[in-house]
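In what follows, a structure is listed as structure tokens, so that the remarks can point back to it.
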């Protein structure tokens, strides 16, 4: 039993229609359509290392989205932007190789960030211990 050319074409067109409908549904529900998903990429080490201007712009977008939806206050938004600026300076000067070599296929972002947080806390403790008020012998 053989299908005619017309029947083959109909089956093929039904398949194409099905695939188009499936792709449209996927794109409709895709998180990349949401601005916050694009904006949160400012926290990716590779983005910070390769294109700091883009990371800064996306951070501004992220903070604005979170502020507009009442998830953060204006003070928190300002603090987040200043902290990202400090992170970028660190990425450029101290840890550029670590930021640039981050591979999202093999590296875990949470472990990368924990290392940065531990470093920042250690730095804060170190600078705090040199405060002349709390540590008079550091003068």
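The C-beta contact set for the range 32-51 (first residue surrounded by 16 or more Cβ atoms within 10 Å (Cβ to Cβ), second residue not in a helix (DSSP H, G or I), distance under 6 angstrom, 6+ apart or interchain) comprises 45/102; 46/102. Out of all the residues in the range 73-80, is one or more outside any helix (DSSP H, G or I), without any contact (Cβ under 8 Å) to a residue 40 or more places away in the chain and under 20 Å from residue 38 (Cβ atoms)? No: zero hits.
For the range 1-57, enumerate the residues that are farther than 20 Å from residue 109 by Cβ and outside any helix (DSSP H, G or I). 1, 2, 3, 4, 30, listed by residue number. Given the criteria at pLDDT below 85 and closer than 21 Å to residue 114 by Cβ, does residue 95 qualify? In short, yes.
Selection of the range 100-109 for residues being surrounded by 11 or more Cβ atoms within 10 Å (Cβ to Cβ), within 13 Å of the chain's Cα centre (by Cα) and either at pLDDT 80 or above or not in a helix (DSSP H, G or I) (or both) yields 102, 104.
The values are calculated or read from the model by the stated rules, or taken from the named source; none is laboratory data. Everything numeric here is computed off the predicted structure, so don't read it as measured data. All Cβ positions, glycine included, derive from the backbone under ideal geometry; neighbour counts span all protein chains shown.
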